[in-house]
1. Going by average Cβ neighbours within 10 Å, how do the peptides 86-96, 60-70 rank, with the highest at the top?
2. I need the shape label for region 36-96. Rule: rounded when a/c is under 1.5, else prolate if a/b > b/c, else oblate, with a, b, c from the alpha carbon gyration tensor.
Amino acid sequence: MNKLLLAMTALPFTAGVAAAAGHPQPLTDRQMDSVNAGYAAISIADAEGYAGQLSVVITTTATVSQVLPIASFSFGESSSTLFKSVAASQSSTVTSTYRPVNIPGVSPGNTP
């Protein structure tokens, strides 16, 4: 009974795979003319460094950009596409100074 239930559950997925397994159809010239491209990009960079004996500097920078086609015009064999580009960037820097506390019974100059 469990096998029958499992087979009935998986049947719609296998039918979809079987339909997609046919020969791929190439795009027509008309379809190729209407294809537009765009992209999105995200980047994040982290850096850490020391600023003196008891300071730490941490910097994080993030950038996001996106390019999308928003309008297309064709006249005869000539065509023109208008792209919209949006970009944003953010950066933050944190500087931290710390002061270590002496461990009882251990003098600062006599660490093992």
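Just so you know, all these numbers are worked out from the coordinates, no wet-lab data involved. Predicted model only: the values in this text are computed from it and were never measured. For neighbour counting, all protein chains shown are included, and Cβ atoms are generated from backbone atoms with ideal geometry for every residue, glycine included.
1. Details: 86-96: 10.0, 60-70: 13.5.
Going by the mean number of other Cβ atoms within 10 Å, highest first, we get 60-70, 86-96.
2. Taking the square roots of the gyration eigenvalues as a ≥ b ≥ c, region 36-96 is prolate.
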